[in-house]
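Everything on this sheet refers to the single structure shown next.
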Amino acid sequence: MRKIYLFLLLISFVSYSQQKKDWFFGLEIGNNTITSSNLSNKNSLQGGFVAEYYFAKHWIATARLKYFETGVTTKSETEYFEGAVISIPLNLKWEYKITNKFKGNLFTGIALNKEVKSNFYYPVNEKIDYSTFFGSFNAGVGLTYFLNSKTAIFINPAPQSLLSVL
């Protein structure tokens, strides 16, 4: 299953100052593009909740609860899978100042995922009883624009889309 996240838009609506030892809470919404081996794309909306804890000057621990759709189709389109996932990503983020209102970040972490919807078609002899729980690794870069001390807009482009720009 190959998932490409074009971007995540994070709107922090309840927060305190960005100084160390502070919490940010927010909502996350964004586009999720599902790319299959038949080269067709499907877009869906993803969303969830986020909590960030600034435990040092540039270091942040983040936890999210999010929902997104996923899927895969083979080139011959004789096999397909469409589903939905609830994910709990736990990340460590390093944030650096660009300007007074702009900050960049690098992050990495793990996620616990639970498949909550499964529609599939496979040939009769194929194994289909895979676990609906799975782990994943995530890493990336992002930008944060602070509208004020309590509200920020956050964007994370997908690593694949960054590579195509470089």
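The values are calculated or read from the model by the stated rules, or taken from the named source; none is laboratory data. No experiment lies behind these values; they were computed from the predicted model shown. So basically every Cβ, Gly included, is an ideal-geometry build from the backbone, and we count neighbours across all protein chains shown. These area figures cover heavy atoms from the full protein model, side chains too; ligands, DNA and RNA do not enter into them. Shrake-Rupley method; radii C 1.70, N 1.55, O 1.52, S 1.80 Å.
Loop-resident GluC sites (Glu not before Pro) (DSSP state other than H, G, I, E or B) in the range 76-116 with no more than 16 further Cβ atoms inside 10 Å of their Cβ: 77, 79. Can you pick out the pairs among 42/93; 42/66; 97/150; 114/150; 66/117 whose Cα atoms lie more than 22 Å from each other? Going by Cα-Cα distance, 42/93; 114/150 fall outside the 22 Å limit. A 1.4 Å probe, protein heavy atoms only, puts the accessible area of residue 33 near 10 Å².
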